[in-house]
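Colleague: Below: one structure in structure tokens.
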Amino acid sequence: MSGTSSPLAATSADGGSLIYNGSVPGPTGEYEVEMTLTLNSSSPNAVYVAYLNASTPDAQATPAGVTGNFYAAELQYPTFSSSGACTATLALILVNNGSATWLSSGTVPCAPTTVVRAIRAYSGQFAIYVNGRFSLYAADGTLTGGQPGVGAWATGTSYIQSASIGQVETV
């Protein structure tokens, strides 16, 4: 990944990841990762990742394989129609001991500016929101430790405009 403080881009096919190494306020193991993405039609192979429970600083998912143990909340392959409508695949994937297991996935609407919010809640629950809409739920307790982070690959001229990691916001 490249960038200073903003934006973050991963123009190579293998991309990169940034895993947070500090402590997140709030109950242990409960946090959220929010990414604001700038998407466009020239990057249809782009994948954006919110890492949850990443075991190592080099945890990463790429088309070539995986490193480390983690959950990956991925917004994949944003596609714009001729009318300008955007859709993408949203997936939650468990990577454990070199093996990837899809826990849940679906198609979601997106936009030139898209916000993905991945929540790691109590009892192994995950909720993912896209542009403020609840979009995906899964539960899995395989991984309990680790850190949050962000990553991407094949972003071309699209990028992660900003990212934040913190305590789960509730109403």
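The values are calculated or read from the model by the stated rules, or taken from the named source; none is laboratory data. Please read these numbers as outputs of a predicted model, since none were measured by experiment. Neighbour counts are summed over all protein chains in view; Cβ atoms, including those assigned to glycine, are modelled from backbone coordinates with ideal geometry. Only protein heavy atoms, including side chains, enter the accessible area calculation; ligands, DNA and RNA are left aside. Shrake-Rupley method; radii C 1.70, N 1.55, O 1.52, S 1.80 Å.
Colleague: May I ask you to rank Phe70, Phe134, Phe80 by accessible area, largest first, using a 1.4 Å probe over the protein chains only?
Modeller: Final ranking, largest accessible area leading: Phe134, Phe80, Phe70.
Colleague: To continue, here is another question. Roughly speaking, what is the stretch gain from Asp58 to Gln167, that is 0.36 nm per residue apart minus the C-alpha to C-alpha distance, in nm to one decimal? All intermediate terms of the calculation are to be shown ahead of the outcome.
Modeller: On the way: separation 109, 0.36 × 109 = 39.24 nm, distance 2.28 nm.
Stretched fully, the Asp58-Gln167 segment lengthens by 37.0 nm.
Colleague: Over region 1-157, what relative contact order in percent results from Cα pairs under 8 Å that are six or more residues apart?
Modeller: Worked out over region 1-157, it gives 33 percent.
Colleague: Sticking with this structure for a sec: What are the ³J(HN,Hα) couplings of region 46-58, residue after residue, when phi is run through the Karplus curve with 6.51, -1.76, 1.60 and θ = phi - 60°? Round to Hz, x for glycine and proline.
Modeller: Each residue's phi maps through the Karplus curve to give 5, 9, 10, 10, 9, 8, 10, 6, 5, 7, 9, x, 9 Hz.
Colleague: Continuing with this model, one more query. Could you compute the net charge surrounding Leu94? Neighbours are other residues with a C-beta less than 15 Å from the C-beta of Leu94; K and R count +1, D and E count -1.
Modeller: Result for the local shell: -1.
Colleague: Quick one: ranking Tyr129, Tyr71 by accessible area, 1.4 Å probe, largest first, what do you get?
Modeller: From most accessible down to least: Tyr129, Tyr71.
Colleague: Taking the Cα centre of the chain as origin and charging only Cβ (+1 Lys, Arg; -1 Asp, Glu), how large is the dipole, in debye to the nearest 20? Please list the in-between numbers first.
Modeller: Numbers: 3 positive and 8 negative charges, 41 e Å.
For this selection, approximately 200 debye.
Colleague: Further, regarding this structure: When every alpha-carbon pair in the chain is counted, what percent end up more than 29 Å apart?
Modeller: Tail of P(r) above 29 Å: 11 percent of Cα pairs.
Colleague: Using a cut-off of 15 Å between beta-carbons, work out the net charge of the residues near Ala111 (Lys and Arg +1, Asp and Glu -1, Ala111 not included).
Modeller: Once all neighbours under 15 Å are counted, the net charge is +2.
Colleague: Please report the equivalent ellipsoid semi-axes of region 1-88, computed as sqrt(5 x eigenvalue) of the Cα gyration tensor, largest first, in whole Å. Numbers along the way, then the final one.
Modeller: Numbers: eigenvalues 130, 47, 33 Å².
Each semi-axis is the square root of five times an eigenvalue, giving 25, 15, 13 Å.
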